[in-house]
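FYI, it's all coordinate maths here, none of it is from the lab. These numbers come from a predicted model, not from an experiment. When we count neighbours, we look across all protein chains shown, and the Cβ atoms used for this are built from the backbone with ideal geometry, even at glycine.
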Amino acid sequence: MTSFVEVTHDGYVSTLTINRPDKLNALSQEVLSDLGAAIEVLAGKDEIRAAVITGTGKAFVAGADIAAMKNMTQAQGHAFGALGHGVFAAIENLRFPVIAAVNGFALGGGCELALACDFIYASSKAKFGQPEVNLGIIPGFGGTQRLPRRVGSAVARELIYTGKMINAEEALRIGLANAVFEPDELLGAAAKTAAEIASKGPLAVAAAKRLIRDGVDLALPEANQLEQAAFGEGFTTEDRNEGMAAFLEKRAPVFKGA
Ligand code: COA
């Protein structure tokens, strides 16, 4: 059986490509299940230190599958939302960082998928939006929660209430995308940054990801407690011995993730 998600590996970096171009990579239950299965496999691979998610063709992901949702009952809609939330939470909970390389349309569930990643690199042809209100529904895979946390409440409100599409430059301006690249340079740029991340102490990067993710919704004193505990734990690793010794010996460190 062919999967809607292709996975390739290059050293410590994995790339996941959503591959349903005839429907602009729309997220059906099958696509979401394939994505969830691919994430589960990556989560079990100790050697992976960073990942990139992108799409085939002119879309990153043009949203949840509208044809599939058309006849859903309330219970089916609820289950579909739960599936999307589960897969996107699994991405957010991966030990290592994930870069969304947004090659084209990132609408609805596509924008929400990008938001579940650590940060977004966009092609100059990318288009972002949460157009669900055009269909008479709300974002259902985390958009009402992750978008305001990423770009601020007022900007998120405008995007979600109007359902309008914005281009890559606007996404950059509002802090949704970290950087914009020419279309043929996007994947190379994402792979380069992923490889750079993968060259750092993987336990330190993983701890930083966990702290940023878990701390964002806590009061600052509580969040800082998390950091204090994790900072001390970092001194127990072989990687910190290697990192500090390498600095003092004026050589490049070789991290083992131990
Ligand atoms: N769900 C299901 N199918 C979708 C889809 C989605 N979210 N987005 C696109 N498709 C399908 C189209 O129905 C079409 O299928 P067909 O060739 O069998 O008719 C195919 O993908 C190509 O899309 P098309 O609309 O012809 O491309 P376009 O370049 O003219 O327009 C968009 C691109 C992204 C502007 C347009 O497809 C669109 O508005 N998509 C829906 C976006 C959306 O509302 N997403 C949120 C869903 S909750």
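For the reader, a short list of remarks on this structure follows.
- Trypsin sites (Lys or Arg not before Pro) within segment 39-90, DSSP loop, no more than 14 other Cβ atoms inside 10 Å: K45, K70
- Helix 153-162 axis versus longest C-alpha principal axis of the chain: approximately 30°, rounded to the nearest ten.
- With a simple spin-label model that places each label point 7 Å from the Cα along the Cα-to-Cβ direction, the separation between I137 and A206 comes to 3.6 nm.
- Springs join every pair of Cα atoms under 10 Å in this Gaussian network model of the chain, and among G142, G163, G77 the largest mean-square fluctuation is at G77.
- Top of Q74, Q29, Q145 by mean-square fluctuation, Gaussian network on the chain, Cα under 10 Å: Q74
- 3J(HN,Hα) from dihedral phi, segment 188-196, Karplus parametrisation 6.51/-1.76/1.60, rounded to Hz, x for glycine, proline: x, 5, 5, 5, 5, 5, 4, 5, 5
- Along segment 108-123 the Karplus relation, 6.51 cos²θ - 1.76 cosθ + 1.60 evaluated at θ = phi - 60°, assigns HN-Hα couplings of x, x, x, 5, 5, 5, 4, 5, 6, 7, 5, 7, 10, 9, 10, 6 Hz to successive residues, with x for each Gly and Pro.
- Nitroxide proxy distance, nm - points 7 Å out along Cα→Cβ at K58 and L226: 4.1
- Separation of the K45 and D214 label points, Cα + 7 Å toward Cβ, nm: 2.6
- Nearest-0.05 FRET efficiency for V7 and T144, computed from C-beta distance (R0 41 Å): 0.85
- For F119, residues with placed amide H under 5 Å, excluding near neighbours: V98, A100
- Residues with amide H under 5 Å from that of F181, placed H, sequence gap 5 or more: A122, S123, S124
- Rounded to the nearest 5, the antiparallel percentage of DSSP beta bridges internal to the chain is 30%.
- The chain: most fluctuating residue of A37, A64, A194 per GNM, C-alpha cutoff 10 Å: A37
- Taking the C-alpha atoms of the chain, convex hull volume expressed per residue in Å³: 142
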